[in-house]
Amino acid sequence: MAVNAASGYPQYSNSLITPLFRMELLERFYTTTVYSDISTTEYTGDLQKGGDQITFMREPKVIVRDYDKNGKIIHDTIDGEPVTMTIDYAKTFSIKMNHIDERQIQNFDRWKAGFLKSAGYELTRAIDPQLLTSMWTNVSSYNQGATAGLVSKNINLGVTGAPVQVT
């Protein structure tokens, strides 16, 4: 907003006094997505070639036993556990910008980078709640309840409706 001009004095704002734009962007500070902290992009290339599922095998679990000299050896077989990942939801964003405007806006590349950064943040805000809502239903039984722990089975994580109170 321009400084008011006294009665009878010309207002030069927006005619001779043009607005000044600084092209440095005021940076926003965003959190990163939980999804990127717990996932991998290792399979992205395969999925981009086509398909909406990828199946891979978990490492086989080895059973270690005590050894008795000249005792009977028990042989195990390798049992692969297939895990199928389905791409069953997606998010999108779009913005329309005329090519001529892109060419005429000073430092458009910096502005575009700011837009893409903001888009990433908004995608995070959309994805994380969806991810966190679905995660708890797929938690390993070793990480649930009053007897959690793969080996010790003595970690009390509480139960649905009665979580452990952290102090």
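Matching residues to (1) closer than 30 Å to VAL151 by Cβ; (2) open to solvent by less than 100 Å² (accessible area, probe 1.4 Å); (3) aromatic (Phe, Trp, Tyr); (4) in contact with a helix residue (DSSP H, G or I) (Cβ under 6 Å, 6 or more places away or on another chain):
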| site | (1), (2), (3), (4) |
| --- | --- |
| SER36 | yes, yes, no, no |
| SER39 | yes, yes, no, no |
| GLN48 | no, no, no, no |
| GLN53 | no, no, no, no |
| ARG58 | yes, no, no, no |
| LYS72 | yes, no, no, no |
| ILE78 | yes, no, no, no |
| VAL83 | yes, yes, no, no |
| HIS99 | no, no, no, no |
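Scanning segment 60-69 for residues that are open to solvent by 100 Å² or more (accessible area, probe 1.4 Å) and modelled with pLDDT under 85 yields one hit, LYS61. LEU131 passes every criterion in (1) open to solvent by less than 60 Å² (accessible area, probe 1.4 Å); (2) in a loop (DSSP other than H, G, I, E, B); (3) at pLDDT below 85; (4) not acidic (Asp, Glu) apart from (2).
The set of residues in segment 134-163 that are of a type in the set (A, V, I, L, M), closer than 21 Å to MET85 by Cα and open to solvent by less than 60 Å² (accessible area, probe 1.4 Å) contains only VAL139. Within segment 107-125, residues that are in contact (Cβ under 8 Å) with a residue 12 or more places away in the chain reach partners that are part of a helix (DSSP H, G or I) with beta carbons closer than 8 Å, at six or more positions or on different chains, in the pairs THR124/TYR35.
The values are calculated or read from the model by the stated rules, or taken from the named source; none is laboratory data. What you see is a predicted model; the values in this text were computed from it and never measured. So basically every Cβ, Gly included, is an ideal-geometry build from the backbone, and we count neighbours across all protein chains shown. Quick note on the areas: whole protein, heavy atoms, side chains included, nothing else; ligands and nucleic acids left out. Shrake-Rupley method; radii C 1.70, N 1.55, O 1.52, S 1.80 Å.
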